[in-house]
Structures are given as structure tokens and as C-alpha cells.
Amino acid sequence: MTETTRADPDDSSLKRWRAFLDWVDKHSDSGWVFRGMGDASFRLLPSIGRIPNYSLARERSVLASFRRAVPLHQTDTGFRDWEYLALAQHHGVPTRLLDWSTNPFVAAYFAASSPAGPKDVCIDGVDVRATPERSAVACRIVATRVRRAQMLNIDGNTDPFLETEVRFVQPRAISSRIGSQSGLFSLHPRPDQSWDLPLQKTRHIFDVAGQHREFFLRRLFYLGVDPLYIMGGLDGLGARAAWQAARGVRLGVIS
């Protein structure tokens, strides 16, 4: 029995994967960046803006607390303001940034592996809010083209809180993961408002039905885009080994 038949008897997952490769080919010239989202219904809304009753004062306070603690964990602390913001975003602090990648396969990995958002469901006649299984919800990869004028001047001591338009910033290698993920960020002056511009043209959006997620993750694994590639280090190595063990994927294992 072939892997394709085992993963999807009607080959619909393989067809969707091939459609994704065609979509990537149409976005393969310069300037394109990609974002993967675990739920096709998600908006392009920075994490700090998802917190109810957003305020700039609270955002500054959260970043200041993180910044004060950085020297305890990081030897190189000669960061500019926006680099602290990027470092905070990369380590899970809610900020006005959104993650993007110049690599569409990295974006596809994050889309397929990330959880869906909570939904309103009825259980035994009671309306509750619950997070469904990933296989039940479509994920999404978004592409947008970045012009040179949209890039933040990283050579200046730019205050990220003074920007009035959406900008993109490609940080130096302040984290090995940012480099391995071909990462960059969009900076949003109004983080409590969704940035809808990239979602207005459907040809720059690629949705993957929930039942195809595992097939996509397996194909990405074959291309070398896996937890070790994304995370690096022993955490990534362990996550990759666990993923392979759970799915019986033996490629690359010699025993």
C-alpha cells in the first residue's frame, strides 16, 4: 500500500497539495511574504490587540517588563527598541507584530500544525465555546507583496510606537529560530484593528481543509520542514521524534 493511498484513499489531499505547489509557483518572484494561520476564519490581528480593552499604556508596560528581564537570559542585549519588540514577539509576548516568512513552506507548516480558534457549539442542549480538533477546521496561508518603501529602516533608532502605517521589519539574527524560519514581522500602528488588505484578493489566499492537514505536514516533513527545522535545538529534535513516533513515519531513521 502506498503512502498516498494510506493517507487519503480518494487522493483529494494529494490534489490539494499539488494545487498548493502551483499556488507557490505563482508567488515565487521577489517581494512575496507568507503567513500561516491555524484557522481560515482568523483575522490579521496582532496578539496584543486580541486582548479585550486594548490600551497603549498596557502594551508599553508589558514590553517594558519583558525588556527588564532580558539581560537575565540573553548575553547580547545591545538591541534597538524594535529588536526588543521582535524578540518579545518571538517568545510569545503579546505585541503589535505579526509573524511572516519569506518561505511559503514554513508558513504552510504553521498553518497546518497550529490549533483552530474556539467556536460556539451546542453540547447536550447547552451552548458552550470550545476549540475543535484541527482536522475539523480549515487552515489558511496568506501571501502579500512587500514593497521596499514598506520596510522599516533598521539602521536608525526607530521607535516602533511612532509608526503611523503598517511596516515590515526583517530583524538581524537575534534568535536562531527567526533565521531558520526566514522570518520577518509586520508592525501595526493600530494593533486592535484587523489589517484586511492582504485578505481582499482571494488569489493570494490558499485554504487547506482540516482533513488535509496531516497530509500537508507529512509532505512538508519530506521537504525537511519539520519541528527540528522550525524550532532547532533539542526541543525541535524531541518534537520531531515525537511527531514521527506518533505517526509511524520512519523516513530518516536508521536502525
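The values are calculated or read from the model by the stated rules, or taken from the named source; none is laboratory data. Predicted, not measured: the structure shown is a model, and the values here were computed from it. Glycine also receives a Cβ, built like all others from the backbone with ideal geometry; neighbour counts cover every protein chain displayed.
What pairs come up if the first residue lies in the stretch 217-242 and is closer than 10 Å to Ser113 by Cβ and in contact (Cβ under 8 Å) with a residue 12 or more places away in the chain, the second is of a type outside the set (D, E, K, R) and assigned to a loop (DSSP other than H, G, I, E, B), and their beta carbons are under 7 Å apart, counting only those six or more places apart or on different chains?
Listed pairs, sorted by first residue: Ile230/Gln181.
Condition check ((1) over 18 Å from the mean Cα position of the chain (by Cα); (2) modelled with pLDDT under 95; (3) surrounded by fewer than 16 Cβ atoms within 10 Å (Cβ to Cβ)) across all residues:
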site: Thr5; (1), (2), (3): yes, yes, yes
site: Pro9; (1), (2), (3): yes, yes, yes
site: Val24; (1), (2), (3): no, no, no
site: Arg35; (1), (2), (3): no, no, no
site: Leu44; (1), (2), (3): no, no, no
site: Phe79; (1), (2), (3): yes, yes, no
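Where residues in the stretch 164-190 are small (Gly, Ala, Ser) and either surrounded by fewer than 17 Cβ atoms within 10 Å (Cβ to Cβ) or part of a loop (DSSP other than H, G, I, E, B) (or both), which of them is modelled with the highest pLDDT?
Ser182
Within the stretch 114-163, can you find the residues that are farther than 30 Å from Trp23 by Cβ, part of a strand (DSSP E or B) and among the β-branched types (Val, Ile, Thr)?
Of everything in the stretch 114-163, those that are farther than 30 Å from Trp23 by Cβ, part of a strand (DSSP E or B) and among the β-branched types (Val, Ile, Thr) turn out to be Val121, Ile123, Val126, Val128.
Go through (1) touching a residue at least 24 places away in the same chain (Cβ under 8 Å); (2) surrounded by 16 or more Cβ atoms within 10 Å (Cβ to Cβ); (3) not in a loop (DSSP other than H, G, I, E, B) one by one and return the number of the condition Arg60 breaks.
Tallying (1) touching a residue at least 24 places away in the same chain (Cβ under 8 Å); (2) surrounded by 16 or more Cβ atoms within 10 Å (Cβ to Cβ); (3) not in a loop (DSSP other than H, G, I, E, B), Arg60 fails exactly one: (2).
Kindly establish whether Arg250 is part of a loop (DSSP other than H, G, I, E, B) and over 22 Å from Arg134 (Cβ atoms).
Yes; evaluated as a whole, the condition is true for this residue.
Answer yes or no as to whether Gly117 is exposed (fewer than 14 other Cβ atoms within 10 Å of the Cβ), more than 10 Å from the chain's Cα centre (by Cα) and under 20 Å from Pro191 (Cα atoms).
Against the criterion (exposed (fewer than 14 other Cβ atoms within 10 Å of the Cβ), more than 10 Å from the chain's Cα centre (by Cα) and under 20 Å from Pro191 (Cα atoms)), Gly117 does not qualify.
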